[in-house]
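Novice: There's a structure below that I have some questions on.
The values are calculated or read from the model by the stated rules, or taken from the named source; none is laboratory data. This one's a predicted model, so the numbers in the text were calculated from it and none came from an experiment. Methodologically, a virtual Cβ is constructed for each residue, glycine included, from the backbone with ideal geometry; neighbour enumeration extends over all protein chains shown. Surface areas here come from the heavy atoms of the whole protein model, side chains and all, with no ligands, DNA or RNA. Shrake-Rupley method; radii C 1.70, N 1.55, O 1.52, S 1.80 Å.
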Amino acid sequence: MSQTIRTRVFMTGVGGQGTLTATKILAQAALNEGLPVTAGEIHGMAQRGGVVESTVLIGGYRSPRIAHGEAHVLLGFEPLETLRALAYLAPGGIIVSSSESIPPISVCRGKECGPSLAEIEAASKACAAEACLLPILSLAREAGAPQAPNMVLL
């Protein structure tokens, strides 16, 4: 008797990073393997660099919603958004995140300051069974595809 793989993936980033494209690619890859998939997205102010959140649930879930403490995998396309999404991670979950920030306008203008990468990494490692932060923007450039850091993360 075969067991169905059941995995909840929560993705977060900012508008323009390809979070929604990565969501569609991951969902399609699971479908290609014959796995049942449910996906959803929230992208309110994405056009202005706002937060984009999406979910891919593999294995027969009925709703695309992931509540706090339910995500098996957290994919963060922007480190600050990874930090903000830590509450969604389930105990024993895995984090793969960008280590390269796209600072909000308020930080760029000097009106506010954000947490350091070291603080984000420490918080991520405290919440996850495994946390990996990668320089996805740099890796995409090195691979000759500067427009595809989302694929590096995925």
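Novice: Of the residues in segment 115-154, how many are within 19 Å of the chain's Cα centre (by Cα) and assigned to a loop (DSSP other than H, G, I, E, B)?
Specialist: Summing the residues that are within 19 Å of the chain's Cα centre (by Cα) and assigned to a loop (DSSP other than H, G, I, E, B) in segment 115-154 gives 9.
Novice: Still on this structure, I have one more. Yes or no: segment 138-154 includes at least one residue that is more than 26 Å from Ala29 (Cβ to Cβ) and either basic (Lys, Arg) or at pLDDT 95 or above (or both).
Specialist: no
Novice: To continue, here is another question. Please list, ordered by first then second residue, the pairs with beta carbon atoms under 9 Å, 6 or more apart or interchain, first in segment 9-29 and in a loop (DSSP other than H, G, I, E, B), second open to solvent by less than 40 Å² (accessible area, probe 1.4 Å) and of a type in the set (Phe, Trp, Tyr).
Specialist: Listed pairs, sorted by first residue: Gln17/Phe77; Gly18/Phe77.
Novice: I'd like to verify a number: residues in segment 130-146 that are open to solvent by 80 Å² or more (accessible area, probe 1.4 Å) and touching a residue at least 12 places away in the same chain (Cβ under 8 Å), how many?
Specialist: Of the residues in segment 130-146, 1 are open to solvent by 80 Å² or more (accessible area, probe 1.4 Å) and touching a residue at least 12 places away in the same chain (Cβ under 8 Å).
Residue by residue, here is whether (1) in contact (Cβ under 8 Å) with a residue 24 or more places away in the chain; (2) open to solvent by less than 30 Å² (accessible area, probe 1.4 Å) holds:
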residue: Ala85; (1), (2): yes, yes
residue: Tyr88; (1), (2): yes, no
residue: Lys111; (1), (2): no, no
residue: Cys127; (1), (2): yes, no
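Novice: Scan segment 56-78 and report the pairs whose first residue is closer than 17 Å to Ser99 by Cβ and whose second residue is hydrophobic (A, V, I, L, M, F, W, C) and part of a loop (DSSP other than H, G, I, E, B), with Cβ atoms within less than 8 Å and a gap of 6+ or a chain change.
Specialist: Leu74/Ala85; Leu74/Ala128; Leu75/Leu154; Gly76/Ala85; Glu78/Ile102
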